[in-house]
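Input: a single structure, listed below in structure tokens.
The values are calculated or read from the model by the stated rules, or taken from the named source; none is laboratory data. Being a predicted model, the structure only gives us computed values, none of them experimental. Virtual Cβ from ideal backbone geometry, glycine too; neighbours counted across all protein chains shown. Surface accessibility is based on the protein's heavy atoms, side chains included, excluding ligands, DNA and RNA. Shrake-Rupley method; radii C 1.70, N 1.55, O 1.52, S 1.80 Å.
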Amino acid sequence: MINALSLLIGWVLDLLFGDPARLPHPVVWFGRAIAFCEHRLNKGSHRRLKGALTALTLIALVFVITFALLIVLPPLARMAVEAILIFYCLAGTTLIREVRQVFLALDRSLDEGRRQVARIVGRDTANLSAQEVRTAALETLAENLSDGVIAPLFWLALLGVPGMMAYKMVNTLDSMIGYRTDRYRDFGCWAAHIDDVANYIPARLTALLMILPSFRPSLFAFVHRNGRNHASPNSGYPEAALAGILDCRFGGPHDYFGQRFDKPYIGSNDRELTTEDMRIAVRVNRRAEVLMVILTALTLVSFEIIAYLCNLI
């Protein structure tokens, strides 16, 4: 039962505090390791091979180090460390807080809204309109519900805390080098593909968990039609779920690192987004998060019971 207790403790810590900005964070260390490798290896020939070896090595190291750390600890110490690592891996509270701040900043001025949304999106924000700022924030809220909450919990249920930590390295690799720009196209190719595989099920599970509490079965057909309207094989599904719930339109052209990328539209109702839409989206995220925590806890308890019964045999 220790894994389930660790999950509940870690989740409550995230609800109370969000990302611990003043404490050392594993994702910061991951980012430094990725930057170190990228600066030294992303040059010359064989960049795709070097990028693949970098991604696979860093992911494997995180899994092995986490596993080795936990296996040598006594039960109560292991539970405490697991709870802390789960706390670090979950980003639901910080995500919601940042999106709320975007809408509040936009109420003050467009420039403030642009600066605030730049904290949570990878696209260029200097020339975004107010509508584009709101759209970017809500797209990020949906996409990162999958990346920052549902997917980590999915891998926790499947491979324990080492799997959860390894997933965070996968996600950090993709967010830093998984772009189709001239600099990262070859070196980050494997990082992007690994992230696609790791998020394939969680992204679709996220859409399901977003829709279920709405009691609107028609949204499943909407997500089926629109979920593939995205450059990513995964991000479109949670975005489509939120676009269907809000009856709005996401997607369209975006600029990344000075380059224009024409993304398909998700949904067709190009209406003005409001602060009330943000409040609805936040409630949708929280409900999906609670459902996933319950599912993960039940899965972990089931594994513990099965392990206990196997030991008796």
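For L110, are the conditions met, namely being closer than 30 Å to T66 by Cβ and either surrounded by fewer than 22 Cβ atoms within 10 Å (Cβ to Cβ) or of a type in the set (F, W, Y) (or both)?
So L110 does not fit the description; no.
If we keep just the residues of segment 213-246 that are out of contact with any Gly (no Cβ under 7 Å at 6 or more places or on another chain) and among the aromatic types (F, W, Y), which is surrounded by the fewest Cβ atoms within 10 Å (Cβ to Cβ)?
Among those that are out of contact with any Gly (no Cβ under 7 Å at 6 or more places or on another chain) and among the aromatic types (F, W, Y), it is F215.
Suppose we filter segment 6-36 for residues that are in contact with a Gly (Cβ under 9 Å, 6 or more places away or on another chain) and in a helix (DSSP H, G or I); how many remain?
Within segment 6-36, residues that are in contact with a Gly (Cβ under 9 Å, 6 or more places away or on another chain) and in a helix (DSSP H, G or I) number 3.
Would you mention how many residues in segment 111-120 are closer than 18 Å to T140 by Cβ, of a type outside the set (V, I, T) and assigned to a helix (DSSP H, G or I)?
Residues meeting the conditions: 5.
Regarding segment 47-54, can at least one residue be identified that is touching a Cys at 6+ places or on another chain (Cβ under 9 Å), among the β-branched types (V, I, T) and at pLDDT 95 or above?
yes
Which numbered condition trips up I194, out of (1) among the β-branched types (V, I, T); (2) under 19 Å from G92 (Cα atoms); (3) open to solvent by 20 Å² or more (accessible area, probe 1.4 Å)?
Only one criterion is unmet by I194, namely (2).
Within segment 270-313, work out how many residues are surrounded by 15 or more Cβ atoms within 10 Å (Cβ to Cβ), acidic (D, E) and either assigned to a loop (DSSP other than H, G, I, E, B) or more than 19 Å from the chain's Cα centre (by Cα) (or both).
Going through segment 270-313 one residue at a time, the tally reaches 1.
Of a type in the set (V, I, T) and within 21 Å of L128 (Cα to Cα): which single residue out of I266, I201 fits that description?
Among I266, I201, only I266 is of a type in the set (V, I, T) and within 21 Å of L128 (Cα to Cα).
I'd like to know if segment 247-269 contains one or more residues that are in contact with a Cys (Cβ under 7 Å, 6 or more places away or on another chain), under 22 Å from Q101 (Cα atoms) and either without any contact (Cβ under 8 Å) to a residue 12 or more places away in the chain or surrounded by fewer than 15 Cβ atoms within 10 Å (Cβ to Cβ) (or both).
No; the residues of segment 247-269 include none that is in contact with a Cys (Cβ under 7 Å, 6 or more places away or on another chain), under 22 Å from Q101 (Cα atoms) and either without any contact (Cβ under 8 Å) to a residue 12 or more places away in the chain or surrounded by fewer than 15 Cβ atoms within 10 Å (Cβ to Cβ) (or both).
Kindly establish whether S175 is among the polar types (S, T, N, Q), part of a helix (DSSP H, G or I) and touching a Leu at 6+ places or on another chain (Cβ under 9 Å).
For S175, the condition - among the polar types (S, T, N, Q), part of a helix (DSSP H, G or I) and touching a Leu at 6+ places or on another chain (Cβ under 9 Å) - is not met.
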